[in-house]
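To keep things clear, I will list the structure first and then write my remarks on it.
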Amino acid sequence: TSALCSLLSFVPPQSPAALGLVPRADRVNSGSHLASLLGLTDSGFSDSMEKMSRVTTALGGSVLTGRTMHCHLDAPANAISVCRDAAQVVVAGRSIFKIYAIEEEQFVEKLNLRVGRKPSLNLSCADVVWHQMDENLLATAATNGVVVTWNLGRPSRNKQDQLFTEHKRTVNKVCFHPTEAHVLLSGSQDGFMKCFDLRRKDSVSTFSGEATEAGQGRWWVMTGWVPVLPVLSCCVLRLHPSFAHGQMRDAECEDVLKTTWLLWRLCVAAPLGTLPSGPLFWATGQSESVRDVQFSIRDYFTFASTFENGNVQLWDIRRPDRCERMFTAHNGPVFCCDWHPEDRGWLATGGRDKMVKVWDMTTHRAKEMHCVQTIASVARVKWRPECRHHLATCSMMVDHNIYVWDVRRPFVPAAMFEEHRDVTTGIAWRHPHDPSFLLSGSKDSSLCQHLFRDASQPVERANPEGLCYGLFGDLAFAAKESLVAAESGRKPYTGDRRHPIFFKRKLDPAEPFAGLASSALSVFETEPGGSAMRWFVDTAERYALAGRPLAELCDHNAKVARELGRNQVAQTWTMLRTIYCSPGLLPTANLSHSVGKGGSCGLQLMNSFNLKDMAPGLGSETRLDRSKGDARSDTVLLDSSATLITNEDNEETEGSDVPADYLLGDVEGEDDELYLLDPEHTHPEEPECVLPQEAFPLRHEIVDTPPGPEHLQDKADSPHVSGSEADVASLAPMDSSFSLLSVSHALYDSRLPPDFFSVLVRDMLHFYAEQGDVQMAVSVLIVLGERVRKDIDEQTQEHWYTSYIDLLQRFRLWNVSNEVVKLSTSRAVSCLNQASTTLHVNCSHCKRPMSSRGWVCDRCHRCASMCAVCHHVVKGLFVWCQGCSHGGHLQHIMKWLEGSSHCPAGCGHLCEYS
Amino acid sequence: MNRGGSSPSAAANYLLCTNCRKVLRKDKRIRVSQPLTRGPSAFIPEKEVVQANTVVERTNFLVEEYSTSGRLDNITQVMSLHTQYLESFLRSQFYMLRMDGPLPLPYRHYIAIMAAARHQCSYLINMHVDEFLKTGGIAEWLNGLEYVPQRLKNLNEINKLLAHRPWLITKEHIQKLVKTGENNWSLPELVHAVVLLAHYHALASFVFGSGINPERDPEISNGFRLISVNNFCVCDLANDNNIENASLSGSNFGIVDSLSELEALMERMKRLQEEREDEEATQEEMSTRFEKEKKESLFVVSGDTFHSFPHSEFEDDMIITSDVSRYIEDPGFGYEDFARRGEEHLPTFRAQDYTWENHGFSLVNRLYSDIGHLLDEKFRMVYNLTYNTMATHEDVDTTMLRRALFNYVHCMFGIRYDDYDYGEVNQLLERSLKVYIKTVTCYPERTTKRMYDSYWRQFKHSEKVHVNLLLMEARMQAELLYALRAITRHLT
C-alpha cells in the first residue's frame, strides 16, 4: 500500500488512472507486483516522472533547417520513425530496413540493418519504432509475428538485439514507453497485446483484446442482428452455460430468450418489437485483431489499443486482466490512434470508415470532440507538434496525399502534401517541438521530407462564397465574414425588395486562428404573398403543347400568358402564330402544319397536292431549274445549313428592319414588294430557291432515319400524325425532288418561307432560356416541332428539356413533366420515360411478390386476378371496386356497370364507376 | 472419372458419359429424368438437411426477404444448416443481384451464367437463365457468347483467369477493359462484375462440393431450361453417385478406422497447441514449409484416388462440348498448379501486403458502395463460425482447423501468410481431405460423392457443409484479392 500512496502522490489528480485506482483496493497487490516487475519502484517512478517533465520542457534548442526533398528507397516502405535527435530516420518495409541521416539538402543512407545472406521473415517489418529516450534502441514488428529489438551500439554488423516470438500472428504495432527505457508494447493480429521488459527474455504481461469488460464476445439474436448488451450476456451465461455451445433444446431456448428479453426490457429502454423467435447464437470469442497500441504520453500507466472491430480500449499496464474502459469508436477497423502531446485526455483515432475522431478521455464516458471526414480509409494519424488542433493523416488506399487538418475545420484540410505517387504508409513529425517538418515513407519506394510552408493549401483554392436558390425563390448566401463585412458598407442588398430574414454569424469561441474561417450565412426570402413562382405552375398546367392545330396552340398559349400578365410572352406566341401559320397559306398546308410534326413533312405533303394542281404548266420550268440546281448543288449542298445561309443573306441584303416590318405591317403588300422592289435580287435568288429544294430530300432522310424503334412507336402513338401523312412522308422521296422545286417556287412567289425566320426564332428561344424562362423555350420548341428543331443543336435542346423537366418535378407537376418527356424528340430525354417502368405486384392470396408473371403466383399456383365478368385472367389493366374488391377487365367492368349497378360477382354490393 | 469416355460426336442430342450409357442400356431406358437421391443434395441424406422448426421458419423468412427467385432452392436448403451464415450469404447475394449497382439486372445474371459456365455448373446456369429472362434479358444472348454485346464478351478473359489462375491477372487486363472506347467498362461496373464472377465461381465450388441436386420443378415451362437440362448428362449434376452408391452403400468398413482417425486428429490439434509454446521452427524452415505445401499440392491429384489418372489426360477431358461451352471461350483453360510453373516463377502473393481488411475492402467499397460491408461480414462470419464441436466431441477450439482450411485454399492460389506455419496444414489435413479441397476449389466439376465421403468419416454432414462454406469463401476472397490488387495497381 505504501507504493500506491506514493503513486497517488505523484500522479496528477486529473488522471483517470489515478481516479480509477482509489476505490479498488484489490488492485494494490497486482499493481505493485507489476510495478516491481517492471522495475518501477516508487523511487524509479518519481525519477521517470521527472524525466517526463524534462522531456516536455526541453523544447527544441537548435533550430531545424532543411527543405522539401525526397530520396529513392530500394523497396516500398511500411513504416518510418524518427530518432529523438531529429537528424536520423529509420525506414522499414518488407525488404528494406535502413537508417537515413537527414541533412540540409538530402537524405544520406547511414546504415543498412538488413544484413545476412538469406533475409529471414523476421526482417519483413510491419512497423518500426525508435526509442524516444535512447537513441541506440529500435524495435520492429515483423509480419510473421516476431518482435525484434535492435541496439545500434553493438559493435558487430548485425545490430539485432533480442527476439520475442510470442505472438502467433502478424504484429501490427510496436510502441516504446515514452519515458521508461526498457518497456516495449506490441499489438498483434492474434488479438493480444504484450508488454516486454527488455531486460528479460519474455513478455511481462499479456493483454487480451477478447477479455473485454463483460468477459466474452457477444450474443446475437437471430432477428436482425441486435447485439445483446454484454452485461446481459453475463446474466444469460450464468443461467445457462451450456447454451454457449448451441446445445440447448428449443424449449429451453425460449425460456432463456424470455429472460433475456425481460432483462433487456428492464435494463435498456430499447424497443425490440416482438419476442425474437429465432435462437440466439454465440459469435464466439475469436479475439479481435489489435491494429494499434499507444502509450499515453502523460499518464504513466495508461495505454490505448485499437481493434479491428471498431473498438478502442484503454488499459492500465498493471492490470492485464481487464481493460479500464472500452468504447466503439468507428464502424470497421480502427487502424491508428495517437495521444495528444499536450492535452492529457485527447486521443485521435482513424479508421477504415474514412473518419478521424478526436476523443476526450478525461470524462466518464469517452466523448467525441471532433470528427474529420476524409476521402479514404485513414492509415496513420499524428498530432502536429505545437499546434493544438492540428493533425496529419495519410490513407491506406487510393489516396496518396498527406493531409494536415485543423480538427475544428473538418471539411477542408489545412495543408496537403502531394509528393507521393503511391499510398503513404508512414508519417512522422521530425521533431516533437517543430511543427514545420514532416517526414513520410511510401509504397512508391520513396522517403520524403515535407516543409509546411511548401504545402499546398486547399483552403486558398476553395470558393469562399456559396449561393443557393430555394424552390420558392428564397436565396441563401454564405460568405467569409470579412468579405461580408467589407461589402455591407455598400449595402448591396438594399436595392432589392428582398431582405435577409435572418443573418447568422458563427464565431469560434477558441483562440483566433488564421486558417480558421467563420462565415456568415444570409437567407433572403421572397416577398410574402408575392408567390413568385405561381406563374410557372399555372403556365405549365395550362399551356397546350400538342394535339391541336398550330394556330390554335399559339392562340391558346398566348391567351394563357396574357391572363397571367406576361405580355411579352403572349406577344411572342402571337408572333409565332403569324410567322408559321398566317391565314394566307394554303389551308391544306395549315392543316399539316398544325399537327405539330415536322414542317418539312407538312410541306412535302402540300407539295404533292400542288403538283397535281398545276402540273403541266410548270413542267418545263422545273426541268430548267433542276438543271441549274444540279450544276450548283456540288458547291453548296454539302452545307446542310444552306437554308440558313440564304436567310442570312436575305437579311443582310434587305436590311435588318424588313422582317420586323413584315411581322408588324401589312403582310401581303410587304411581301410582294420585297421581291418586286429589287429586280436583280430575284435573279440571284433563283438558285437560292433551288437550295432549299435540293435540301429537302436530305432533310427528309434525317427526319426518317434517326428515330430508333421507340421513336417510331412514339410517333405512331401520338394522335396528331395521321397515317396518310406518314405514308406520304415515306413514299414521296427522290423523284419528287423536281416537283418540290416547282411547287415551292410557286410558294415563294406569294410569301416568305417560314424558314426565313428560323434564325430569329432561334435567337428568341435562346433569349428566353438565357433569361431563365426555360419553360418558354421548351414550350415553343415542342409546339413548333420540326420547324425550329433543326436550327438548335441537340445538346442545347437536351439541356433545356432536362432543366424544364427538373423544374416541373420540383413543383410536383408530374403529368406535365411526363407530357414534356413524351413530346420531346431528344433521345436522351425521351428515354427518361423508358426507365423503371416495371410495376411489381404481390399475390393477393399469399402476399408474396409475383416475380415471373404478373398474373400467376409461382407459389400458390393461382391466378391472382380474375375478371368478375368474363372469368378470365386479367393480364393488363385491372379495375376493382374499393368496396367489395371485385373487379376485372376495365372494358368489361365499364360495360357491365352501364347496365347494372350491382357487382358483377354477385356479392350484392352496389359498385360505382367514376 | 466417369466422364472420361464422353465423345462429343457420339452424343448429338444429349450428352451421356459412357458409364451412364452403360447403366442406361442395362435399364433400357431412354433418359434418366430424376436425380438419384431425393432432397437438396446428392451427398447428404435428406433427413440430415431437415431442421428444427425455428430454423425452418427463420430460413423461410430469409428466403422471402432475400431470395431472387422467391423460393427455397437447394443451395439455400443445404446452407440453412448454418443459418447465421445463410443470412450474410443471402444478403450479399441479393445485394449483388437486385440492389443498386452499376450493372443492369440482366447483365448481372448473364455474368453469373458466364462464371458458372467456367465450371460447367449447370445448376447455377439454369437458375440464372431463368432469372436472366425474368429480368428482361434478351433471349438471343442465351445462344452463346457470339450473340452478346462485345462489351460482355470482353469480360471473358478476366472470367477465365479469375476462375482458374487468378494470379495471372495483371493491371494490363484491367486497363484493356477500362480504356476509353466503345465497349469500355467503367471501374464501378468492372468491380461489380468481378464481385459477381468471384461469387459465382466460388458458389460453383459449393454446389459441386455439396452435391447440390438440380431443382425439381416441373412447373418451369421455359423452353430453354428443358433443353439445357436434357443436354446434360444427369451424372454431371449428381456426379457419379449413381454408379458408386451401390459399392459405397455398405461402407461400414471404415467406422473403426475413422474413429481412431478422429482421435488422432484431436490429438494432433492438442499437440500443436502445446508445441507452440516450446518448439519454434526456424525462419528458413517456415518458408520452406510453405513451398513444400505448395509443391505438395501438386501431387494431390484431384480426382478419384481409386483410379488415379495421369494428370495430362485431364487436360483433354476438360474440353467438353456440352451446352455450357457456349458461354465460355477457351474451355481447355483450367487450373494449373501455382507451384508448377517453375521457370517464370511468379512471385508469391504476400497476404500481408494486400489484405482484404485493409486494402480490398476499401477499394471495393469505394467503387461499389456497401458491398464491402456485406462481404466483410460474410468473410468474418464464415471464418469465425464455430459450434465448438468436432464430430462427437464438444468444447473443442476449432480455430486451428478452420485456419488451416482457409490458408490451404489460399496456398493453392499462391497466397502466403507470413505468420502461418504451413506445417500445421500437413498435420491437420489428411490426404483424402486435401484431395477433396483441391478438387472442390480448383476443379469443382470433378467432385464425386466418393471424395466427399472419404474424408472425416466420423464428422457430421453439417460440419462438412461448414468445410464447404470455408472453402467457398476462401476461394472467393483469393479471387477478389488478385482482381482488386490488379485494379489498385491500375489506379496508381
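The table that follows gives values for the structure above.
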{"item": "Some residue of the stretch A:96-107 being assigned to a strand (DSSP E or B) and within 12 Å of chain B (Cβ to nearest Cβ)", "result": "no"}
{"item": "Condition check for B:His373: surrounded by fewer than 20 Cβ atoms within 10 Å (Cβ to Cβ), assigned to a helix (DSSP H, G or I) and not polar (S, T, N, Q)", "result": "yes"}
{"item": "Number of positions in the stretch A:340-363 that are free of Cβ contacts under 8 Å to residues at least 40 places away in the same chain, more than 14 Å from chain B (Cβ to nearest Cβ) and more than 20 Å from A:Pro385 (Cα to Cα)", "result": "1"}
{"item": "Some residue of the stretch B:143-156 being crowded, with 21+ Cβ neighbours inside 10 Å, out of contact with any Gly (no Cβ under 8 Å at 6 or more places or on another chain) and part of a helix (DSSP H, G or I)", "result": "no"}
{"item": "Considering residues of the stretch A:166-205 that are under 15 Å from A:Asp292 (Cβ atoms) and among the β-branched types (Val, Ile, Thr) only, the residue surrounded by the fewest Cβ atoms within 10 Å (Cβ to Cβ)", "result": "A:Thr170"}
{"item": "Residue match in the stretch A:138-145 (condition: surrounded by fewer than 24 Cβ atoms within 10 Å (Cβ to Cβ) and either over 23 Å from A:Met396 (Cα atoms) or away from chain B (no Cβ under 14 Å) (or both))", "result": "no"}
{"item": "Filtered residues of the stretch B:329-356 (kept if of a type in the set (A, V, I, L, M, F, W, C), at pLDDT 75 or above and touching an Asp or Glu at 6+ places or on another chain (Cβ under 9 Å))", "result": "B:Ala351, B:Trp356"}
{"item": "Complete set of residues in the stretch A:290-330 that are crowded, with 22+ Cβ neighbours inside 10 Å, among the hydroxyl-bearing types (Ser, Thr, Tyr) and within 39 Å of the chain's Cα centre (by Cα)", "result": "A:Ser296, A:Ser305, A:Thr306"}
{"item": "Residue that is surrounded by the fewest Cβ atoms within 10 Å (Cβ to Cβ) [pool: residues in the stretch A:75-87 that are out of contact with any Ser or Thr (no Cβ under 6 Å at 6 or more places or on another chain) and touching a residue at least 40 places away in the same chain (Cβ under 8 Å)]", "result": "A:Asp85"}
{"item": "Any hit, the stretch B:68-81, residues being of a type in the set (A, V, I, L, M, F, W, C), in contact with a Lys or Arg (Cβ under 6 Å, 6 or more places away or on another chain), at negative phi and away from chain A (no Cβ under 14 Å)", "result": "no"}
{"item": "Cβ-Cβ under 8 Å pairs, at least 6 apart or on other chains, the stretch A:318-339 side within 14 Å of chain B (Cβ to nearest Cβ), far side assigned to a strand (DSSP E or B) and among the acidic types (Asp, Glu)", "result": "A:Val334/A:Asp292; A:Phe335/A:Asp292; A:Cys336/A:Asp292"}
{"item": "Enumerated strands (runs of 3 or more DSSP E) restricted to the stretch A:139-242, each holding at least 1 residues that are touching a helix residue (DSSP H, G or I) at 6+ places or on another chain (Cβ under 9 Å) and modelled with pLDDT under 85", "result": "A:203-208, A:218-221, A:226-228"}
{"item": "Residues being in a loop (DSSP other than H, G, I, E, B) and closer than 19 Å to A:Phe327 by Cα - total across the stretch A:365-379", "result": "2"}
{"item": "Which numbered condition B:Ile415 misses (of (1) crowded, with 20+ Cβ neighbours inside 10 Å; (2) under 22 Å from the mean Cα position of the chain (by Cα); (3) closer than 27 Å to A:Asp353 by Cα; (4) within 13 Å of chain A (Cβ to nearest Cβ))", "result": "(4)"}
{"item": "Enumeration of residues in the stretch B:168-188 that are surrounded by fewer than 21 Cβ atoms within 10 Å (Cβ to Cβ) and either charged (D, E, K, R) or within 26 Å of the chain's Cα centre (by Cα) (or both)", "result": "B:Leu168, B:Thr170, B:Lys171, B:Glu172, B:His173, B:Lys176, B:Lys179, B:Glu182, B:Leu187, B:Pro188"}
{"item": "Filter result for A:Gly473 (modelled with pLDDT of 90 or more and surrounded by 15 or more Cβ atoms within 10 Å (Cβ to Cβ))", "result": "no"}
{"item": "In the stretch A:402-417, residue farthest from the other protein chains (Cβ to nearest Cβ) [restricted to those that are surrounded by 20 or more Cβ atoms within 10 Å (Cβ to Cβ) and outside any strand (DSSP E or B)]", "result": "A:Ala414"}
{"item": "The stretch B:190-228, residues that are of a type outside the set (A, V, I, L, M, F, W, C), modelled with pLDDT under 90 and farther than 30 Å from B:Ser432 by Cα", "result": "B:Arg216, B:Asp217, B:Pro218, B:Glu219, B:Ser221, B:Asn222, B:Gly223, B:Arg225, B:Ser228"}
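Yes/no per residue for (1) at pLDDT 85 or above; (2) out of contact with any Ser or Thr (no Cβ under 6 Å at 6 or more places or on another chain); (3) buried (at least 21 other Cβ atoms within 10 Å of the Cβ); (4) part of a loop (DSSP other than H, G, I, E, B):
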position: A:Leu781; (1), (2), (3), (4): yes, yes, yes, no
position: A:Arg787; (1), (2), (3), (4): no, yes, yes, no
position: A:Ile792; (1), (2), (3), (4): no, yes, no, yes
position: A:Thr802; (1), (2), (3), (4): yes, yes, no, no
position: A:Cys831; (1), (2), (3), (4): no, yes, no, no
position: A:Thr838; (1), (2), (3), (4): no, yes, no, yes
position: A:His845; (1), (2), (3), (4): no, yes, no, yes
position: A:Gly854; (1), (2), (3), (4): no, yes, no, yes
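The values are calculated or read from the model by the stated rules, or taken from the named source; none is laboratory data. Every value quoted in this text rests on a predicted model; they were computed, and no experiment measured them. We place every Cβ from the backbone using ideal geometry, glycine too, and count neighbours over all the protein chains shown.
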